[in-house]
Amino acid sequence: MITAERKPIKEIKEMLAPYRKILVVGCGSCVAECAAGGEKEVGLLSSALRMDAKASGKEIEIREMTLDRQCVYEFIDQLTEVIDQYDVVLSLACGAGVQAVAEVFPRVHILPALNTTFLGETKEAGLWVENCRGCGDCKLGVFAAVCPVTRCAKGLFNGPCGGSKTDRCEVDPDVPCAWQLIVSRLEDTGRLDLLRKVHPPADWSKQQGKGPRKIKREDQRT
Amino acid sequence: MDQKGLGITRAILFCRQLDPDQDVNRRAIEKELGSQIRFFPLPCSGRVDPLYLMRALESGADKVYLITCPEGACRHREGNLRAKKRIAYTQGLIEEIGLDRERLELIITSAGDRKTIDELTRDILAREGVTSSVNPNDADIEK
């Protein structure tokens, strides 16, 4: 899941200052799950913006919409009939969704209401944690499904740094030591021998240095 | 609750477990006060959503109250604790647009002094100094 957080309203207001008719568009997928950009958050932000405008004597018109996904054309197309009626789209999607809408509607002003943060999981109600960097070279199979690239503060591939205390990371005691988790899980599943292998440094060329990555599958294309 | 102006000045959201006769009691005081007040009974105060609070303010309420069961007395265990967090979240949001956080108020009722919803409402109004004009029969409230 892609996680995000709402920008401060002050920043959103500054971006919206030149506009009067605003289409606020949420996304019902990842950012809804992390309570940043779903239908409820669209309502909250729209209410706040309307009240703020009223208090400052500014006339604005807001329409609220939430698409199931803001990064897939079939859903973005739902905006086609209404988008021309507005001066700007305030998108509560992740960065991918904002750009996808902008690409479909090249002449429309699109603004982001969220800061996209990381790939993560819902750990518990109201708590999301990062657990994937999208490095393009997944090694979870040898690290007992615990990612040392993301969850070890030092990104170590060949054992713990030795600084952890009572199973906690020395960089952030709120976080469990990833290597403690890896060793415990390998032990519990009888695979400690996997630790004998020495791993070379991560190959970051699969993630960066070549511009935006893409996945192309002929079998999925029309 | 939509965001169209309702002409209300106070919105009171409350846990309907507080008062077994809440339906009759709130209707009586609603009739008395007219558009000055609007009640929104909730199955549990934990059902409140920040959006309800924002919509109430946007509808024109000068002040929005959320009345919960006493702490530790929620029949759903943690409903009133969640209500407290949601009020705090929404207070932060309205502060961001320059509104006074006091326009949203959480009232946690007292375990030792159970009151009906109309009594609780009169207490709120008394605090605002409007009791005498709306509640001529309830002389002992201000004691």
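Subtracting the Cα-Cα distance of A:Tyr73 and A:Ala145 from their residue separation scaled by 0.36 nm leaves 22.6 nm. Taking Cβ atoms as reference points and 10 Å as the exclusive limit, the residues near A:Val108 contribute a net charge of -1, counting Lys and Arg as +1 and Asp and Glu as -1.
Taking every DSSP bridge with both residues inside the protein assembly as shown, close to 25 percent are antiparallel.
If you plug the beta carbon distance of A:Thr117 and B:Arg75 into 1/(1 + (r/R0)^6) with R0 = 45 Å, you get a FRET efficiency near 0.75. A helix-only calculation puts chain A at -7000 deg cm²/dmol for mean residue ellipticity at 222 nm, using -39500 (n - 2.57) for each DSSP H run of at least four residues, averaged over all residues. Give me the aspartates and glutamates in straight-line cross-link reach of A:Lys165: C-alpha distance below 13 Å, same-chain residues under 8 apart excluded. Those aspartates and glutamates meeting the cut-off are A:Asp174. The stretch B:64-93 and the stretch A:8-84 have their alpha-carbon centroids 27 Å apart. Averaged over the residues of peptide A:44-52, the number of Cβ atoms from other protein chains lying within 10 Å of each residue's Cβ is 6. The mean sequence separation of alpha-carbon pairs under 8 Å and at least six residues apart, normalised by the residue count of chain A, gives a relative contact order of 17 percent.
Using the number of other C-beta atoms within 10 angstrom as an exposure proxy, rank A:Leu114, A:Leu186, A:Leu194 with the fewest first.
In increasing order of surrounding Cβ atoms, one gets A:Leu194, A:Leu186, A:Leu114.
Using a Gaussian network model of chain A in which every pair of alpha carbons under 10 angstrom is joined by a spring, one finds that among A:Pro212, A:Pro160, A:Pro18 the greatest mean-square fluctuation is at A:Pro212. Could you identify which residue out of A:Asn115, A:Asn131, A:Asn158 has the top mean-square fluctuation in a GNM of chain A using Cα springs shorter than 10 Å? Answer for the Gaussian network model of chain A: A:Asn158.
Take the Cα of A:His199, step 7 Å toward its Cβ, do the same at A:Glu187, and the gap between the two points is 1.9 nm.
Which pairs break 23 Å Cα to Cα here: A:Lys40/A:Lys123; A:Lys154/B:Lys85; A:Lys13/B:Lys85; A:Lys21/A:Lys58; A:Lys10/A:Lys123; A:Lys139/A:Lys214? Those over the limit are A:Lys154/B:Lys85; A:Lys13/B:Lys85; A:Lys10/A:Lys123. What net charge is computed for the residues neighbouring A:Leu194, neighbours being all others with C-beta under 12 Å from the C-beta of A:Leu194, Lys and Arg scored +1, Asp and Glu -1? Once positives and negatives cancel, what remains is +3. Using only the C-alpha atoms, the convex hull of the protein assembly as shown corresponds to 213 Å³ per residue. Estimated from the Cβ-Cβ distance and a Förster radius of 22 angstrom, the FRET efficiency linking A:Gln180 and A:Arg133 is about 0.65.
Values quoted throughout were computed directly from the atomic coordinates according to the rules given, and no laboratory measurement underlies them. Quick caveat: nothing in here was measured; it's all calculated off a predicted structure. Backbone-built Cβ (ideal geometry, glycine too); neighbour counts: all protein chains shown.
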